[in-house]
Amino acid sequence: MDKGTLWVVIFGLGVGSFLLRFAFLGFVGDRPLPAWLVRHLRYTAVAILPALVAPLVVYSGEGGSTDPTRLGAARVTLAVGIWTRNVFAAIGAGAGTLFLLVYLLG
Amino acid sequence: MPFTTTKSAFWAGVRDGAPFIFVAGPFALLFGVIATEAGLSVFEVMTFSIVVIAGAAQFTALQLMQDEAPTVIVLISALAVNLRVAMYSAALTPYLGRAPLWQRACAAYLLVDQSYALSHAKFEADGSMSVPQRMAYYFGTCLLVLIVWFGGSYAGAAIGTTLPVGLPLDFALPIAFLSMVAPMMRTLPHLIAAGVAVVVALLAVGIPYSLGLIVAGTAGMMAGAQAELWLKADPMLPADEDRQ
C-alpha cells in the first residue's frame, strides 16, 4: 500500500467525515431536509456495503472463480447476522466456518 | 427525572453509553488487526482511528486501498458509507443547534452511531433538558466509546504485528462487512436496495477505476428509495393491485 495515498486518504476522510457531521449542526441550523434526499440517504450504507462485498465473495477464487470456502463463510455470516441481529455472533460464525472449511478443503 | 445540573446530565450520558463499549471495542480491535496486516504501522492505525472515527468507512477505505483503487474513489466510497452521519447531524440540530459554535464543532467530531442514537432518544423523551444539559449528556455518551475506540485500535494494531502468517485474513474484511450489513436488513426496501446493489456490483465489476462500486451503490440507493415510495403508497391502491 502506497504511504502517500494512505495519508491523503486518512486526512481526506477525516475532513470529509467532519464536514458530513458538521453540515447540519454547524451550517444548516434546524431547517428540514427535502424528503427525497432523506429517503436516499437512508439506503446509502445498505447499498454501498453489499456492493463492496459481493465481488469479494463471488470472485474470491483464482482467476475470478468462486472460492467455496469464502462463499460458505459469507453465507454463514449473513445467515447468522440476519437471524440473530448480532454482529459478533455473525463474525464468530463466519470466521469459524472459514477456518473449518479451509482446514477441511485445504 | 429532570436533571438538576449539567454534571449529572454528563454522568447519565456516560452510564447510558457504557453498554456500547461491547459494540465499539471489538470493531476497533478488528480494525487495528486488519490495518496492521495490510501494512499500516501502529502510528498510522492510530492516526486513522483518531482522525476519522468511523468504523465502516475505515474498513471500506482499507479494502479499496488494498485493491489499489484510485484515491478519489476510495474517498467517495468511504464517505458514501458514512453519509448517515449527515442525517444524524440533521436530526440533532433542533436540540443542539443553539449551543456555542465550538461545542457544536466538538459534537460534530464525536458524532457516531452511539452518540446519535442515545442522545436523540433522550432529547425526544425528556423535553425539560436545557441546551447545556443536552450537550453534557451528549458528550457523556461519547466518553467511553471514544476511549474504547482508540484503545481497541491500539490493542488491535499491537496484536496484528504478532499474528502468525498463513491465517486467511484476506477474508476478515468481507466477514466484517457482512456482519454489519445483516442487521440492517430491517425492511423490504432495505433488502431491495442491497439486492440491486449486489447484482449491479457483480455486473459492473469490469468498469475501470472501481467506479462499479459507485454505480452499484447509487443504483441500490435509488432502488431502496423508490421501493419505499411504492410500498408507502400501497394502502392507497385497490386490494387486487396490491399484490404483484
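The values are calculated or read from the model by the stated rules, or taken from the named source; none is laboratory data. If you're wondering where the values come from, they're calculated on a predicted model, not measured in any experiment. FYI the Cβ positions are ideal-geometry reconstructions off the backbone, even for glycines, and counts take in every protein chain you see.
Worth a mention:
- Every listed requirement among (1) part of a helix (DSSP H, G or I); (2) at pLDDT below 85; (3) surrounded by 15 or more Cβ atoms within 10 Å (Cβ to Cβ) is met by A:Leu37 save one, (3).
- Criterion violated by B:Gly166 - all others in (1) without any contact (Cβ under 8 Å) to a residue 12 or more places away in the chain; (2) on the phi < 0 side of the Ramachandran plot satisfied: (2)
- Whenever a residue of region A:90-106 is within 20 Å of B:Phe27 (Cα to Cα), its partners that are loosely packed, with under 14 Cβ neighbours inside 10 Å and at pLDDT 90 or above, lying with C-beta atoms within less than 9 angstrom and at least six residues away or across chains, give the pairs A:Ala90/A:Trp83.
- Only residues that are free of Cβ contacts under 8 Å to residues at least 12 places away in the same chain and either on the phi > 0 side of the Ramachandran plot or among the aliphatic types (A, V, I, L, M) (or both) were counted across region A:57-78, and they come to 2.
- When B:Pro183 is tested against the conditions (1) surrounded by fewer than 17 Cβ atoms within 10 Å (Cβ to Cβ); (2) more than 30 Å from B:Thr218 (Cβ to Cβ); (3) in contact with a Lys or Arg (Cβ under 7 Å, 6 or more places away or on another chain), the lone failure is (2).
- Residue list for region B:19-33, restricted to those being in contact (Cβ under 8 Å) with a residue 40 or more places away in the chain and out of contact with any Leu (no Cβ under 6 Å at 6 or more places or on another chain): B:Phe20, B:Val23, B:Ala24, B:Gly25, B:Pro26, B:Phe27, B:Ala28, B:Leu29, B:Leu30, B:Phe31, B:Gly32, B:Val33
- Looking only at region A:55-106, and only at residues there that are facing chain B (nearest Cβ under 7 Å) and of a type in the set (D, E, K, R), the one that is surrounded by the most Cβ atoms within 10 Å (Cβ to Cβ): A:Arg70
- Single residue of region B:32-57 satisfying the filter (surrounded by fewer than 24 Cβ atoms within 10 Å (Cβ to Cβ), polar (S, T, N, Q) and assigned to a helix (DSSP H, G or I)) that is farthest from the other protein chains (Cβ to nearest Cβ): B:Thr36
- Region B:162-175 - residue that is at pLDDT 85 or above and under 26 Å from the mean Cα position of the chain (by Cα) and, of those, surrounded by the most Cβ atoms within 10 Å (Cβ to Cβ): B:Ile175
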